[in-house]
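Below is one structure; the comments refer to it alone.
The values are calculated or read from the model by the stated rules, or taken from the named source; none is laboratory data. Computed from a predicted structure; not experimentally measured. Note that each Cβ is placed from the backbone with ideal geometry, even for glycine, and that neighbours are counted across all protein chains shown. Remember, those area values only see protein heavy atoms, side chains included, never the ligands or the DNA or RNA. Shrake-Rupley method; radii C 1.70, N 1.55, O 1.52, S 1.80 Å.
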Amino acid sequence: MTSAAATTIAPGEPSGFSRYFVRDFTASIVVFLVAMPLCMGIAIASGVPPEKGLVTGIIGGIVVGLLAGSPLQVSGPAAGLAVIVFEFVRDNGLSALGPVLVLAGALQVIAGIARMGGVFRAISPAVVHGMLAGIGALIVIGQFHILFDAKPLSSGIDNMAMMPTRLLSLTPFDIGTTELALMLGLLTIGTMIVWEKVKPASLGLLPGALLGVLAATGVAWAFGLNVARIAVPDSIAAAFALPEAGIFSTLTQGSMIVSAIAIAFIASAETLLSAAAVDRMHDGVRTDYNKELRAQGVGNLLCGVFNALPMTGVIVRSSANVQAGAMTRTSAVLHGAWILGFVALLPFVLRQVPMAALGGVLVVTGWKLISLKHVQHLYKVYGYMPALIWTATFVLVVTTDLLTGVLVGLALSALELLPFARNLKFRVGESSVGDTVKLELEGAATFIGLARLTNALEQLPQGKAVHVDLERVHAIDHTTSEMLTEWLSRRRMRGNAVKVTGPAAILKSLAHAA
């Protein structure tokens, strides 16, 4: 898919700034409207005050926007980290989150300096999408209780077990606070769903989440409904709280270090997955994954200093940015400035928003993360093993915890190497044949050699015909096949000639993946 954002002008060039400022300005307004309810809703889903999500959105926009290696990607609090943050804050308290984020951010910066961006991209799509689906399920069953003006319980299993009780406790003929909150939450959900189906093309960029929150807030205000509303401080400066003295001593505890590594790992994987998706939406400057990793590290380090939520590159805000016509990083920076200005000047407006409305936004957001189409695709194209990896990751994330699900998914991914264990060697060679660049692959094309392959593909000159020779490839796993298929699609979309030759079984895998 191409968009109006197609450009070959590098982000940050003076001519690009002046030429595209109007389009970046309007795109930043759209992203701001998308981001506001999500920043607060994800904070609530993470078990922290809503202003912490706004602080992360501000840092993600202004700071990371300026430093990002993916100029059209927008960073902020992400639903993918809500579960792990909720569990951490529940067990250790909010004050312990800051030091862990400082360490997580430092790890990301180090990983970027060490040029490890390609390593995170080698994570099996089955693990990543199984993890996101599990997170989506946990968000849905957790925010289900927010719809009733109640607090989520301590685990996914407990939340599921309590759902029938919530429904049976309703008294439709004696409407109280619980019933009113549920109606507002359902109004938000209904507005979002209907808007997605009936919105006119001229208003296609108006976010359904904003309309849903406005509808619920308007009804609650007009009728003076006695329901729980979000609480934000009078001054946003109070939300930029520095860690308590001596709190960094907690980093000597092994559990804190493990949490920091987990947050850094998941945030990096989700960010680079989002960046790759954003690259497929436009024809402009490609992502520098290592630079993006460093920028995210700086952002999370600052979030730790101010005891806010962790951040990632977020696909919902990023896709809105591209679709709204953004051309440079200016749009992401401006959206952070709009968040800062709004919460600094109009905090009383936010205090009118019902908690159940934000719960409704998160229910829809979580539901969208549960993509059964992906596991169906994996099974249809690659067989039972990738589908098993997705399923195991999903089930364990929901029933145990995020880290266990991801680690088991990665371990199962390693089992995919067993059929090729005797010959895992992989080589990438490049040569020129006339006006054509020939890329010759040899050996087992698995996730082990994916970083080497992606680097070779991204360094191929634009505008030249390419011949990808797979004749000497005797095996290819689903991670490599998915990546190579996406690269071929992107290259051809930009009008470059690409020829692929190789064994019928290997080519069949690529054809089905497409």
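For segment 19-91, with all protein chains present and a 1.4 Å probe, just round the carbon and sulfur fraction of the accessible area to a whole percent.
Working: 1250 of 1770 Å².
Looking at segment 19-91 in its full context, I get 71 percent from C and S.
Can you list the trypsin sites (Lys or Arg not before Pro) in segment 74-128 that are in a DSSP coil and have 16 or fewer other beta carbons within 10 angstrom? Walk me through the numbers on the way to the answer.
Values: sites: ARG90, ARG115, ARG121; in loops: ARG115.
Taking segment 74-128 and a limit of 16 other Cβ atoms within 10 Å, the loop trypsin sites (Lys or Arg not before Pro) found are ARG115.
Using R₀ = 60 Å, calculate the FRET efficiency as 1/(1 + (r/R₀)^6) where r is the Cβ-Cβ separation of ALA228 and VAL433; round to 0.05. Display every interim value, and only then the final one.
Details: r = 68 Å, r/R0 = 1.13.
For ALA228 and VAL433, the calculated efficiency is 0.30.
Give me the one-decimal nm value for the distance between modelled label points at MET493 and ASN92, 7 Å along each residue's Cα-to-Cβ direction.
With each label point 7 Å from Cα toward Cβ, the separation is 3.9 nm.
Once you list every other residue whose beta carbon is under 13 Å from the beta carbon of MET40, what net charge do they have if Lys and Arg are +1 and Asp and Glu are -1?
On the way: positive: LYS52, ARG229, ARG351; negative: GLU51.
Here the count lands on +2.
Work through the residues other than ARG294 whose Cβ is under 13 Å from its Cβ and net out their charges, Lys, Arg +1 and Asp, Glu -1.
Summing Lys and Arg as +1 and Asp and Glu as -1 gives 0.
Please name which of SER249, LEU346, THR436 has its Cα lying farthest along the dipole of the chain towards the positive end, using unit charges on Cβ (Lys, Arg +1; Asp, Glu -1) and the Cα centre as origin.
The Cα lying farthest towards the positive end belongs to THR436.
Once both axes come from the Cα atoms, what is the angle between helix 125-146 and the longest principal axis of the chain, in degrees from 0 to 90, rounded to 10?
Value to nearest ten degrees: 10.
Compute the angle between helix 97-113 and the longest alpha-carbon principal axis of the chain, please, reported from 0 to 90 degrees and rounded to the nearest 10.
On a 0 to 90 degree scale, this one is about 20.
Along the Cα→Cβ direction, 7 angstrom out, place labels at VAL500 and THR165. What is the inter-label distance in nm?
The modelled label-to-label distance comes out at 5.3 nm.
I'd like to check one number: the per residue accessible area of the chain, probe 1.4 Å, reported in Å² as a whole number. Don't skip to the end; give the middle numbers.
On the way: 21080 Å² over 514 residues.
Here the per-residue accessible area is 41 Å².
Roll a 1.4 angstrom probe over the protein heavy atoms and tell me the percent of accessible area of segment 250-359 that is carbon or sulfur.
Numbers: 2270 of 3120 Å².
Roughly 73 percent of what the probe reaches on segment 250-359 is carbon or sulfur.
Between LEU251 and VAL349, what's the calculated FRET efficiency when r is the beta-carbon distance and R0 is 56 Å? Round to 0.05. Write down the numbers at each step before the final one.
Values: r = 38 Å, r/R0 = 0.68.
It comes to 0.90.
Cross-chain or 8 or more residues apart, Cα under 13 Å: how many lysine pairs in the chain fit that? Count them up, please. Please list the in-between numbers first.
On the way: LYS380/LYS508; LYS438/LYS464; LYS438/LYS499; LYS464/LYS499.
Qualifying lysine pairs in the chain: 4.
Along the Cα→Cβ direction, 7 angstrom out, place labels at VAL258 and GLN459. What is the inter-label distance in nm?
3.9 nm
Could you please put THR177, THR501 in sequence from largest to smallest accessible area, using a 1.4 Å probe?
Of THR177, THR501, the descending order of accessible area is THR177, THR501.
Show me the trypsin sites (Lys or Arg not before Pro) within segment 453-494 that DSSP assigns to loop and that have at most 14 other Cβ atoms within 10 Å of their Cβ.
Hits after loop and neighbour filter: LYS464, ARG494.
Suppose every Lys and Arg Cβ carries +1 and every Asp and Glu Cβ carries -1, with no other charges. What dipole size does segment 145-200 come out with about its Cα centre, to the nearest 20 debye?
200 debye
What full-extension length gain, to one decimal in nm, is calculated for ARG115 and ALA337 as 0.36 nm per residue of separation minus the Cα-Cα distance?
On the way: separation 222, 0.36 × 222 = 79.92 nm, distance 3.04 nm.
So the extension gain works out to 76.9 nm.
Cα centroids of segment 109-143 and segment 169-228: how far apart, whole angstrom?
Between the Cα centre of segment 109-143 and that of segment 169-228, the gap is 31 Å.
Inverting the mean 1/r over all pairs of different Cα atoms, compute the Kirkwood radius of segment 101-188 and quote it in Å. Present the calculation step by step, with values, prior to reporting the outcome.
Details: mean 1/r = 0.0615 Å⁻¹.
Taking the inverse mean of 1/r over all distinct Cα pairs, segment 101-188 comes out at 16.3 Å.
Give me the angle, in degrees from 0 to 90, between the Cα long axis of helix 254-279 and the longest principal axis of the Cα atoms of the chain, rounded to the nearest 10.
70 degrees
If only Cα atoms are counted, what is the Rg of the chain, and what is its Dmax, in Å?
Rg then Dmax for the chain, in Å: 23.2, 81.
How big is the gap, in Å, between the Cα center of segment 320-337 and the Cα center of segment 433-495?
So the two Cα centres are separated by 31 Å.
For an R0 of 45 angstrom, estimate the FRET efficiency from the Cβ-Cβ distance between PHE173 and LYS368 and round to the nearest 0.05. It would help to have the intermediate numbers written out before the result.
Details: r = 34 Å, r/R0 = 0.77.
The computed FRET efficiency comes out at 0.85.
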